[in-house]
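The block underneath contains the structure these notes are about, expressed in structure tokens.
The values are calculated or read from the model by the stated rules, or taken from the named source; none is laboratory data. Here the structure is a predicted model, which is why all the values come from computation and not from measurement. Note that each Cβ is placed from the backbone with ideal geometry, even for glycine, and that neighbours are counted across all protein chains shown.
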């Protein structure tokens, strides 16, 4: 049975001293980085490209590990670097990268940073924003990053290999009302394997709510113990 979207940012807990982890960037960020690399035809590349690349990586790592302060600082640096080009399409992609990374932890805001830039974004960026926000009716899946096309077509996330992209797919399925209990388990296992505290706590929160709804006290206690283990005081 698919689950309707009812879990939001409240399922994620604040982390005081996150682990330092390496983040696997979503496909949209890879597309952005390829675009950045193509902006210059000969070395050396403009300084803003390296700054944007480094800061986006640091943002993703800090955010997934639960360090909001560092994540905010790094994203601001990345956005400022990209904005120095005056290209709204590139800034839009950076904002969608942030939106996707937040969605992986079930923090949804309708991609607020992207919306003012949407008129200057291309069809692919607008399609990706709709995908993230669960607006799949009439969505042209061919415009999405490759690993997400199959998710729209099949309603399944099994084929998504990249860990962060898999969590993003799970969030999109939740938003569209197509998430299954097996998908929740998959998301929990994915976040756990990567040591990503923020999305792990969010998806454990989803599991806990399901156990509470089913009055499964044994499952509730087991899940709560995991949450207590992952969370920092």
Which condition number in (1) closer than 21 Å to residue 96 by Cα; (2) assigned to a helix (DSSP H, G or I); (3) under 16 Å from the mean Cα position of the chain (by Cα) is the one that residue 142 fails? (3)
Which of (1) modelled with pLDDT under 95; (2) surrounded by fewer than 23 Cβ atoms within 10 Å (Cβ to Cβ) does residue 212 not meet, given it meets every other one? (1)
Can you run down the residue pairs with Cβ atoms below 9 Å, 6 or more apart or on separate chains, where the first is in region 132-149 and touching a residue at least 24 places away in the same chain (Cβ under 8 Å) and on the phi > 0 side of the Ramachandran plot and the partner is in a loop (DSSP other than H, G, I, E, B) and surrounded by 19 or more Cβ atoms within 10 Å (Cβ to Cβ)? 134/108; 134/176; 134/178
Restricting the search to region 111-125, which residues are surrounded by fewer than 19 Cβ atoms within 10 Å (Cβ to Cβ) and either assigned to a helix (DSSP H, G or I) or at positive phi (or both)? 115, 116, 118, 119, 120, 123, 124
Yes/no for residue 156 being in contact with a helix residue (DSSP H, G or I) (Cβ under 7 Å, 6 or more places away or on another chain), farther than 27 Å from residue 232 by Cβ and modelled with pLDDT under 95: no
Can you tell me how many residues in region 42-60 are under 20 Å from residue 167 (Cβ atoms) and either surrounded by 23 or more Cβ atoms within 10 Å (Cβ to Cβ) or in contact (Cβ under 8 Å) with a residue 60 or more places away in the chain (or both)? 3
Could you tell me how many of the residues in region 146-169 are crowded, with 20+ Cβ neighbours inside 10 Å and in a loop (DSSP other than H, G, I, E, B)? 2
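So if I check each of 193, 219, 172, which one is assigned to a helix (DSSP H, G or I) and crowded, with 19+ Cβ neighbours inside 10 Å?
Details: 193 fails: crowded, with 19+ Cβ neighbours inside 10 Å; 219 fails: crowded, with 19+ Cβ neighbours inside 10 Å.
The conditions single out 172.
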Taking region 77-93 and keeping residues in contact (Cβ under 8 Å) with a residue 12 or more places away in the chain and in a helix (DSSP H, G or I) leaves 77, 78, 79, 81, 82, 88, 89, 90, 91, 92, 93
Of all residues in region 96-110, how many are surrounded by 24 or more Cβ atoms within 10 Å (Cβ to Cβ) and either without any contact (Cβ under 8 Å) to a residue 24 or more places away in the chain or assigned to a loop (DSSP other than H, G, I, E, B) (or both)? 2
